[in-house]
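K.L.:
If you scroll down you'll find the structure; I have some questions about it.
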Amino acid sequence: YFLDKSDKYDSRDVERLQQDDKWVENYLIWRHDVVDDTLKMIDESFQWRKEYTVNDLSESVLPKWLFEIGALFLHGYDKEGYKLFWFKVKHHTRDPKQQLDKKKLVAFWLEHYAKRDHGKPLTVVFDMAETGISHIDLYFVRFIVNCFTDYYPNFLTKIVIFEMPWIMNAAFKIVKGWLGPDAISMLKFTNKNDVQEYISGEYLPPHMGGTDSFKYSYPPLVDDDFQTPLCENGPITSEDEHESKEEIDADTKETGELNEAQNLNQKKMNSIEQISKSEETDKTEVKPKNAKKALTTFKGPLLHISPAEELYFGSKETGEKKCLIVLTNVTKNVVAFKVRTTAPEKYRVKPSNSSCEPGTSLDIIVSLHGGFAASLQDRFLIMAAEMDQSSGAGVPELTQFWKEVPRTKVMEHRLRCHVVESSKPSSLTLKDNAFNVPAKTNEDLHIQLTHLLQINKRLEEQMNRCLWFQQLSVVLSLLSVTVAAFCFYLAYAQRS
């Protein structure tokens, strides 16, 4: 199918298609597993990607003013934890001469995010506050819609349209005509009163009824809103000032115990890399109390990072407020690192800005501050870069190092938060280990839930069969009564 059109594709896309099963799966999911439709979509998207040179788009090839006006950017998360892709319609004006550059800007942002977060879906927000006729550009809106429906498979969760002016109702009827039934179901028309059904106030600007003080500016490129520096002792508040010495000592003691325990675990992980998660959970003797599943490892060029994807925090009911991140230096040089977060007011990180010697492991304790609770929208960014042997590792040296190190030499890895909800009623005070019953992991619960769903499905099928037989029996009974009555009638008529 592709050989006849190989000159119309970027070879990098073809190579990725052959290696990236997740990408192929997303195309299939978006086209409901219809292979012919999937091939057609891949063909169209590959030709589009080459036409717009998607793989080579960068800040340097696009006009700087496009980034400065702030019509398009990524910022914040919806209530389901999906990244928000903002289109500030009031900053957009129709101009055929700028159309191609603006389309490439859309492609740049989508590709930038797809590569960074491995294709995790987006929620599109059309902010139409303060818009009028001069801002209506149906061709550009159609292009944005087509990016999600035709070129980026399984990449769209919903389209939140905020305060659409009545004068644009007719225009959006045309837009609906471009969308399939699946995409139409994703449209959410909102105003100040109901937009928080989809996006919490912390990621909404004041004019949308939220409390987000974020102001777009460029440069730098708007990233995940990671804040730096991140204070190791949490934010300076009255609660911090009155924190007791006993609490601080307890934190220090627990940190030491966790460090010692994790060093043992790290040796096991290095010697047995292919142990399954369930086996690793059983064999690990000492782990942080909030580790709900066995550690997985991200193997970067400078650091190996455990866990690989998620930090597990407890809900307010479970009360688990600490997580452990293990960094292992796999280079022959000292590696400087620092940790940033999207919610610096919530977390303490010890250490948050330090260095790791060659071949050694270092533990980072992430703890929730005060009465805060972890959120699915919270993210952590670990940045790492190699240092020269002659460089010192003190605070002044590290500060100067991060000012001078090129962005291209910095390794970045992101972790998201996962909140473990309590499955027990609040009145139950007995602990699982009182009867030597192992605590159930998320994987166990997921397997049980899947099993229950399968049983439920079989029961529904059996009930449907029973109902069908019942209906058939009623029909046959009525038919028998009718035939019997007719026979009696004929017999009576003959006697008469």
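K.L.:
With the contact rule set at Cα under 8 Å and sequence spacing of 6 or more, what percent relative contact order holds for the range 298-418?
P.N.:
30 percent
K.L.:
Which entries of K64/K409; K97/K120; K88/K409 show an alpha-carbon separation above 30 angstrom in the structure shown?
P.N.:
Listed pairs above 30 Å: K97/K120; K88/K409.
K.L.:
Counting heavy atoms of the protein chains only and a 1.4 Å probe, report the per residue accessible area for the range 57-208 as a whole number of Å².
P.N.:
42 Å²
K.L.:
Please name whichever of V330, F313, W402 sits farthest to the positive end of the charge dipole of the range 298-418, dipole taken about the Cα centre and charges placed at Cβ: Lys and Arg +1, Asp and Glu -1.
P.N.:
After comparing all options, I get F313.
K.L.:
Through the Karplus equation 6.51 cos²θ - 1.76 cosθ + 1.60, θ set to phi - 60°, convert the phi angles of the range 362-369 into ³J(HN,Hα) values in whole Hz; use x for Gly and Pro.
P.N.:
9, 9, 10, 9, 10, 10, 6, 8
K.L.:
Let me ask something else. Calculate the dipole size of the range 57-208 relative to its Cα centre from +1 charges on Lys and Arg beta carbons and -1 charges on Asp and Glu beta carbons; express the result in debye to the nearest 20.
P.N.:
In total the dipole reaches around 300 debye.
K.L.:
Once the piece of chain linking L452 and V474 is laid out straight, how much longer is it, given 0.36 nm per residue of separation minus the C-alpha distance between them?
P.N.:
4.7 nm
K.L.:
Arrange the peptides 367-379, 54-66 so that the one whose residues have, on average, the most other Cβ atoms within 10 Å appears first.
P.N.:
With the highest mean Cβ count within 10 Å placed first, the list reads 367-379, 54-66.
K.L.:
With a point put 7 Å past each Cα toward its Cβ, work out how far F214 is from Q47 in nm, to one decimal.
P.N.:
With each label point 7 Å from Cα toward Cβ, the separation is 3.6 nm.
K.L.:
Quick check: pseudo-label points 7 Å beyond the Cα along Cα→Cβ at S11 and V35, how many nm apart are they?
P.N.:
Distance between label points: 2.8 nm.
K.L.:
Another question, then. Report the FRET efficiency, 1/(1 + (r/R0)^6), for N169 and M463, where r is their Cβ-Cβ distance and R0 is 45 Å, rounded to 0.05.
P.N.:
So, using R0 = 45 Å, E works out to roughly 0.50.
K.L.:
Something else about it: Can you work out the PRE-style zone for W65? Point 7 Å along Cα to Cβ, and I want the residues of the range 77-98 with backbone N under 11 Å.
P.N.:
From the range 77-98, the list is 98.
K.L.:
With a sphere of radius 15 Å drawn around the Cβ of A71, what net charge do the other residues whose Cβ falls strictly inside it have (Lys, Arg +1; Asp, Glu -1)?
P.N.:
Net charge around A71: +2.
K.L.:
Gain in length, Q19 to L100, computed as 0.36 nm per residue apart minus the alpha-carbon separation, to one decimal in nm?
P.N.:
26.1 nm
K.L.:
Test of understanding: what is the full-extension gain from V481 to R407, defined as 0.36 nm times their sequence separation minus their Cα-Cα distance?
P.N.:
That pair, V481 and R407, stretches by 18.0 nm at full extension.
K.L.:
Still on this structure, I have one more. Taking 22 Å as R0, compute the FRET efficiency from the Cβ-Cβ separation of N191 and K90 and round it to 0.05.
P.N.:
Efficiency at R0 = 22 Å is approximately 0.85.
K.L.:
Could you work out the Kirkwood radius for the range 73-122, taking every pair of different alpha carbons, averaging 1/r and inverting it, reported in Å?
P.N.:
For the range 73-122, inverting the mean 1/r across all distinct Cα pairs yields 12.2 Å.
K.L.:
I've got another one for you. Based on the alpha-carbon set only, what is the convex hull volume of the range 298-418 divided per residue, in Å³?
P.N.:
99 Å³
K.L.:
Under a plain spin-label model, where a point goes 7 Å from the Cα along Cα-to-Cβ, how far apart in nm are I133 and K79?
P.N.:
Going from the I133 label point to the K79 one covers 3.8 nm.
K.L.:
Along the range 350-359, what does the Karplus equation 6.51 cos²θ - 1.76 cosθ + 1.60 (θ = phi - 60°) give for ³J(HN,Hα), rounded to whole Hz, x for Gly and Pro?
P.N.:
Here the 3J(HN,Hα) series is 10, x, 9, 8, 7, 9, 10, 6, x, x Hz.
K.L.:
On to the next question. With a ≥ b ≥ c the root eigenvalues of the C-alpha gyration tensor of the range 57-208, is it rounded (a/c under 1.5), prolate (a/b larger than b/c) or oblate?
P.N.:
Rounded.
The values are calculated or read from the model by the stated rules, or taken from the named source; none is laboratory data. Predicted model, so just to flag it, every value in this text is computed and none were measured. As a convention, Cβ positions derive from the backbone with ideal geometry for all residues, glycine included, and neighbour counts pool all protein chains shown. Side chains included, ligands, DNA and RNA excluded: accessible areas come from the protein's heavy atoms. Shrake-Rupley method; radii C 1.70, N 1.55, O 1.52, S 1.80 Å.
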